[in-house]
Amino acid sequence: MQARYKAMQPFMTPEEADQMLRIAEARRVFRTYADEALNEGIGEDLPQRFDAAFNYIQHGIDGHGNSDDVTTASQRTNYFRETYAYADDIEAPGIESFFSHPDLLSVAREVMDRSIVVPAIVYANILTPGQELAIHTDVPEFRGADRKKMPQWLLVTMLHSGLFNDYRVPIATCVSWFGANPGGAFTYYPLGPTAARESMAATHNTALLIDTDSVFHGVERVTPKGLFPTIDKGATLSFEGEDQWSLASAQGDEVARYSWTDLRYSISWKAYCFRNEAERAKWADRSDDLTLDFILDTLDTDLRVRGVLTGERPEPTAFARLLVNEYIRFPAAIAA
Ligand SMILES: [Fe+2]
């Protein structure tokens, strides 16, 4: 597989880059990234991204195993996220120029080889000392199948199966970094899960535009500072002024205090990409949408052709595990 990607070094003007830090401060409170949506009808008992979570617990970030217990592993990856812009709704004042940045649009056209690029979302992630991000591919979209309607692991499985390419809506992702970011390099497999892994330091005011729905990637551990604190689901990270951030439990008790130099701060931009207006119209008017039954029947048929499914289709949770195991080949599992 040949992944197309492009680094931007530097990305914005120094003033614009500094503004990205001020936007986080103005936002004031960052909350942990919680799972969304339901797995109705299939795999109800499984977490949305059980594909990546199970692999991480087994293999860790580098494929050499994970020495953490399950609770610590989940807290290491329970990072902080705030949405800055969604569709045309600007939620963080000052982000407008980033949302429709001309360099992002032109690099996305080039990397994704699509002439029409429609910005969809801008969000910020903050990882605290000791946190990291499991190797994964992002949640893709297909006509009629997105995370509002389908479980995230199913969408990821669909992409890796290659059976729904005609329905895919390619998404360009640009990850950009601002601030000191100790550790926390972006690690990825640009030439596929069996090829070499590369890393890009999270240097202030740099960015990488890449198809993160296809390319496995993660975040290396942010430089630890003292004991790793408890970061439960309702934890908050709040800017307290004068370069101070407070990490608090869901009950509001402070568990750690950090300055900007301790944190890893990134901003992600995602945009839908189309070859032409006809392709965009087909997506917008929903005239050629997938249905869940069609998706499951297509996968079921393919599993029988592969010889991994015979007889009755198993119950939903077992079927979900079978699909993920069959189609999603993680780099670590391959290396093992
Ligand atoms: Fe990602």
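Read the figures in this text as sums done on the coordinates, not as results from a lab. Quick caveat: nothing in here was measured; it's all calculated off a predicted structure. Here Cβ is always computed from backbone atoms with ideal geometry, including for glycine, and neighbour counts include all displayed protein chains.
Numerical summary
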item	result
Residue pairs meeting the criteria (Cβ under 7 Å; at least 6 apart or on separate chains; first touching a residue at least 60 places away in the same chain (Cβ under 8 Å), in segment 95-107; second charged (D, E, K, R) and part of a helix (DSSP H, G or I))	97/16
Extreme residue, nearest to residue 270 (Cα to Cα), among residues of segment 114-137 that are touching a strand residue (DSSP E or B) at 6+ places or on another chain (Cβ under 7 Å) and not in a strand (DSSP E or B)	114
Scope segment 238-270; condition within 16 Å of the ligand (Cβ to nearest atom) and either without any contact (Cβ under 8 Å) to a residue 24 or more places away in the chain or closer than 17 Å to residue 75 by Cα (or both); matching residues	264
Condition met for residue 256 (among the aliphatic types (A, V, I, L, M) and farther than 27 Å from residue 58 by Cα)	yes
Checklist (1) within 16 Å of the ligand (Cβ to nearest atom); (2) without any contact (Cβ under 8 Å) to a residue 12 or more places away in the chain; (3) not β-branched (Val, Ile, Thr) applied to residue 123, failing item	(2)
Candidates 104, 159, 154 - the one that is within 15 Å of the ligand (Cβ to nearest atom), among the aliphatic types (A, V, I, L, M), within 18 Å of residue 213 (Cα to Cα) and in a helix (DSSP H, G or I)	159
Test: residue in segment 169-182 that is within 16 Å of the ligand (Cβ to nearest atom), in contact with a Gly (Cβ under 7 Å, 6 or more places away or on another chain), more than 25 Å from residue 299 (Cβ to Cβ) and not in a loop (DSSP other than H, G, I, E, B)	no
